Every structure is written in structure tokens, then in C-alpha cells.
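J.: So that we are looking at the same thing, I have put the structure below in C-alpha cells.
The values are calculated or read from the model by the stated rules, or taken from the named source; none is laboratory data. Note that the structure is a prediction, hence the values are computed from the model and not measured. Quick reminder, even Gly has a Cβ in these numbers, built from the backbone with ideal geometry, and neighbours come from all protein chains shown. Ligands, DNA and RNA are stripped out before the accessible areas are found, and what is left, the full protein with its side chains, is counted by its heavy atoms. Shrake-Rupley method; radii C 1.70, N 1.55, O 1.52, S 1.80 Å.
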Amino acid sequence: MTSRAVAAVDLGATSGRVMIGRIGEDRLDLEPVSRFPNGPVAREDGLHWDFAALYEHVVDGIVEAVRREPGIESIGIDSWAVDYGLLKDGRLLAEPFHYRDDRTARGVDEVHAAVPFAELYQRNGLQFLPFNTLYQYRVDAHLADADTALLIPDLIAFLLTGSAVAERTNASTTGLLGVADGEWDRELADRLGIPSTLLPRLVDPGTTIGRLRPELAARIGADLPVISVGSHDTASAVVAAPLSTPRSAYISCGTWGLVGVELTDPVLTEAARTANFTHELGVDGRFRFLHNVTGLWLLSETVRAWEAEDGAGIDLPELLSEASGITGEVPVFDADDASLSTPGDMPTRIAALLGDEAPLSRPAFARTIVESIAAAFAGAVQAAADLSGRELDSIHLVGGGSLNHLLCQATADRTGLPVLAGPVEATALGNVLVQARALGAAPSTLEGLRALVAATHAPLRFDPH
């Protein structure tokens, strides 16, 4: 089979990148093209994303991808969930807010006063997260002026093509998509004072959204289609999680750790609601039955604070190597404690949770953070098994966290299950696979796509001690 090429735009909460994906018989690989920073910026009215800069980085990356690989056939975009931009007559009204902006607390109170959370869960199947889109919509001062609301990857696709759509896996994170039918719950939107006219046409992964605007096609040097992928980055990551058996759990680990199992039917029980498990949609109508656990954000924020204190960079691999040498038990804390959810002096806040048990050395402190994340992962894995009625036999840990061997081993030890680590670039690979399938260049089933991942990206195994 001749190798085919696509461009994958993969945007995370701390950085973004554009990659060339090449796929063929027994071939699936990525070529990094550009990487750029991303993160919150403080404005007078709160935390936002510097969206204009982000968009320019995306376009520049696509230009470079086509320069390097003129055979690119399409573009796919994935990003973090829940955040959005508001449009009026095709114009962005304001910079998108960052999900960590504290304005959402008022939105939570107002939404739950109108529709109790127990009813929300039966309607949308989502775990409670204070930044879910419907809470943001409720308090957005620009909402009344807008005619369209687009989540971040859909917004970028609109700017590239002029076509306004909502890709279904990411739409499921808004809280306004019905868990039973996968369609907009317009009655719920109306009850919450959210104009349902803002909600665009839904499309599934693999749908051609549109072709590049003529002026962009000229700048990029190719007239390419933009194809919807699992535009929520976790949906794309789970596509490329090479689940070895039907009893495998997955952890997509980066800033967050998304811990769960893949289901074909929802589990809308009171126990699932109480455990705060969500039913985000995956590719091909699967449910990502999962729980959000605070992931490597805790470590990265801690290192950032230490670097600011020292006025110099810290070698993270060296720090983790020293942390691996710590012997004996280390204290753990609740990785999901609400006090750790915002940027700032992370070491001080973690030390407050640990009290007198706070480690003194930085390697011991890093080990405590890793063990605390692993403990949270283990609790979520056990809950996923109990709530879904599955006896789990393995965990596939994908994403950047799979490079953290200390975390992989700690997760295996605390769950008692083997951890199969990798691929690191699961999100970008899932993006590429869905595009390639739409082009007729990849297997037609999820199982076939995952078999290709397993054949080309062998995982590293960590057995429990």
C-alpha cells in the first residue's frame, strides 16, 4: 500500500503542535512540524486564552506541514474540551475564556438552582466539573449578542473553512447533549436561559467539515478538506489506546488523567453519579465512561514554582530519577483536593495538605506527588470496574504520562494490574487514524485501527511489584 499523509493539529492546555501523520500497510508514524506554547492569559475580566496567537500558530504549522509534505490530503483538529468562542455574523465577539477562570462558580449555583444535578446527570450523563460549558454559558455576558457558539476545535475549523459545526464527541462535554440520543437537548438549554439557536449542526468524526477558504488555501499552498476527528483530545487518544482485551481500562495522562473504560451503553446509576463518572462520547458512538483525576499538572506546577524560586531550570528526568531512589513509604495527599485546582504556589498548597508529613527534599516531594497521582488513578480504576461490572485485567496508560516510568510503576503497584504504557502521542495518532479512515486509507473498525497502533507502537509493560 502506498503511504498516505494528513496533517494533525493537536492543541493541549499547555502547548499545541502540528504534526504530519503518515499511514500505510504496517506503517503509522508522526513527524513533528511545529510546537508552540499555550496557556491562560490574565485580562481585566478574568483568565482567557490568547486565541489570536493560537490560531496563527495553527495556520503557520499547517503551512510548514504542507511545505514538508506536499502530499498531505486533509487536516484534522483536536483540543481540550469545554471552552468555546462566541460568534456574531461570523466574527469572534471576545477572546475565549479559560476553563480555570473563577466566574464559573456563579454559573454552577444558577444552573443547579434551575435544574438539580441529579436531573442533569440523567439527561447528559456528565460528571460534575465546575467548568463544564453549560455553567460557563450561564454567566457569559456576551451570550445574548451571539448567534453561534463553537468549541475550540470547531472554532478553528470555522476560521479555516467558513463552516460552523459541532463535532459530537466534544459537544458531549458541554452538558447540553442528551446522553440517550446524542442530540442537542434544546429543552434543557431553554430552561437554563441558553438560546438553543446558538448550538450548531452536529457532525460525527470522519465528516468533511469543509475545504479551506480560498485565501487560506493560497497561503498554505493546497486546497485541502478539514475532516472532523474525535475533536475532544481524549476521544482521539482513546482511539489510539491499543486496548488489548475488552477488560482493559485506559488512562489518558497529561495535565489531567482521564481514567475509565469504554462502553457501548451508559451506566446512569446513582452510584455512578455519586462517584462522579462521566459519559463523554467517543468515536463510533462508544461511551468513554471515565473520571477526571488531576494529573501531571501537580508536578508541572510544582516544578514551575521551584524554577521561579531558583531563577533557573530544573531537569525533570533527573528529578524523577532521584525520586525513584527514595526508599520506603512516602506520604500521599488527595490529588483532587479543590485547593490544588488553580495556578499558583503548588508546593505550599500540597505541603498544607500533608501537614507535618510534608517531605523535606525535592526528590521526596516529587515522589509524593507521583504516588498521590497514582493513588488517585487506582481509586478511579477500581471505581470504573465496580460501576461497570467489569473485572479488569490491564491498564493502558497513553499520552505524555506514559514517559513517566515512576508514575507507570506506581500505578501498576497501587492497582495490582499490569500497566501498558504508550503510545506517547496517542492523541495525534487518533486524530490521524480517523482522518485516514475517512480517506479510505485505514481499517474501517476501531478494533482494526487499534491493531495497527499495537503493531507499530509496542507498549512498555510495567508489572505490579
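J.: Where residues in the stretch 437-462 are within 12 Å of His396 (Cβ to Cβ) and outside any loop (DSSP other than H, G, I, E, B), which of them is most open to solvent (accessible area, probe 1.4 Å)?
T.: Applying the filter and picking the extreme gives Arg461.
J.: Which one of these does Leu159 not meet: (1) closer than 30 Å to Leu224 by Cβ; (2) aliphatic (A, V, I, L, M); (3) in contact with a helix residue (DSSP H, G or I) (Cβ under 9 Å, 6 or more places away or on another chain); (4) open to solvent by less than 10 Å² (accessible area, probe 1.4 Å)?
T.: (4)
J.: On to the next question. Taking the criterion of being within 27 Å of the chain's Cα centre (by Cα), crowded, with 19+ Cβ neighbours inside 10 Å and in contact (Cβ under 8 Å) with a residue 40 or more places away in the chain, would at least one residue in the stretch 304-313 satisfy it?
T.: no
J.: Here is a list: Leu143, Leu120. Which entry is aliphatic (A, V, I, L, M) and either within 26 Å of Leu11 (Cα to Cα) or surrounded by 24 or more Cβ atoms within 10 Å (Cβ to Cβ) (or both)?
T.: The unique qualifying residue is Leu143.
J.: What about Leu134, is it crowded, with 22+ Cβ neighbours inside 10 Å and either charged (D, E, K, R) or closer than 21 Å to Thr274 by Cα (or both)?
T.: yes
J.: Which of the residues spanning the stretch 314-347 are over 27 Å from the mean Cα position of the chain (by Cα), outside any helix (DSSP H, G or I) and within 13 Å of Phe365 (Cβ to Cβ)?
T.: Ile326, Val330, Pro331, listed by residue number.
J.: Another question about this same structure. Mind checking which pairs have a first residue in the stretch 346-361 that is basic (Lys, Arg) and a second that is in a loop (DSSP other than H, G, I, E, B) and open to solvent by 30 Å² or more (accessible area, probe 1.4 Å), Cβ under 9 Å, 6 or more apart or different chains?
T.: Here the result reads Arg349/Asp337, each pair linking the stretch 346-361 to a residue that is in a loop (DSSP other than H, G, I, E, B) and open to solvent by 30 Å² or more (accessible area, probe 1.4 Å).
J.: Can you give me the number of residues within the stretch 239-279 that are closer than 26 Å to Gly178 by Cβ and polar (S, T, N, Q)?
T.: Total meeting the criteria: 6.
J.: While we're here: Scan the stretch 100-114 for residues that are under 22 Å from the mean Cα position of the chain (by Cα) and in contact (Cβ under 8 Å) with a residue 40 or more places away in the chain and jot them down.
T.: Result: Arg100, Asp101, Asp102, Arg103.
J.: Please work out if Leu420 is in a helix (DSSP H, G or I), of a type outside the set (Phe, Trp, Tyr) and more than 22 Å from Val330 (Cα to Cα).
T.: no
J.: Still on this structure: Only one of (1) at pLDDT 95 or above; (2) under 30 Å from Trp184 (Cβ atoms) is not met by Val293, so which one is it?
T.: Against the list (1) at pLDDT 95 or above; (2) under 30 Å from Trp184 (Cβ atoms), Val293 comes up short only on (1).
J.: I would also like to ask the following. Select from the stretch 261-290 the residues that are of a type outside the set (A, V, I, L, M, F, W, C) and surrounded by 24 or more Cβ atoms within 10 Å (Cβ to Cβ) and write down the one among them that is farthest from Gly76 (Cα to Cα).
T.: Thr278
J.: For the stretch 399-436, which residues satisfy the criterion of being within 30 Å of Ser74 (Cα to Cα), surrounded by fewer than 24 Cβ atoms within 10 Å (Cβ to Cβ) and in contact with a helix residue (DSSP H, G or I) (Cβ under 7 Å, 6 or more places away or on another chain)?
T.: If the condition is that a residue be within 30 Å of Ser74 (Cα to Cα), surrounded by fewer than 24 Cβ atoms within 10 Å (Cβ to Cβ) and in contact with a helix residue (DSSP H, G or I) (Cβ under 7 Å, 6 or more places away or on another chain), then Gly422, Val424 are the ones that fit.
J.: Restricting attention to the stretch 205-260, report how many residues are touching a strand residue (DSSP E or B) at 6+ places or on another chain (Cβ under 9 Å), closer than 30 Å to Phe377 by Cα and crowded, with 24+ Cβ neighbours inside 10 Å.
T.: Qualifying residue count, the stretch 205-260: 23.
J.: Could you check the stretch 348-375 and list, in sequence order, the residues that are under 27 Å from the mean Cα position of the chain (by Cα) and either open to solvent by less than 20 Å² (accessible area, probe 1.4 Å) or among the acidic types (Asp, Glu) (or both)?
T.: Ile350, Phe365, Ala366, Thr368, Ile369, Val370, Glu371, Ser372, Ile373, Ala374
J.: Of the residues in the stretch 74-94, how many are within 17 Å of Ser172 (Cα to Cα) and either open to solvent by 30 Å² or more (accessible area, probe 1.4 Å) or not in a strand (DSSP E or B) (or both)?
T.: 4
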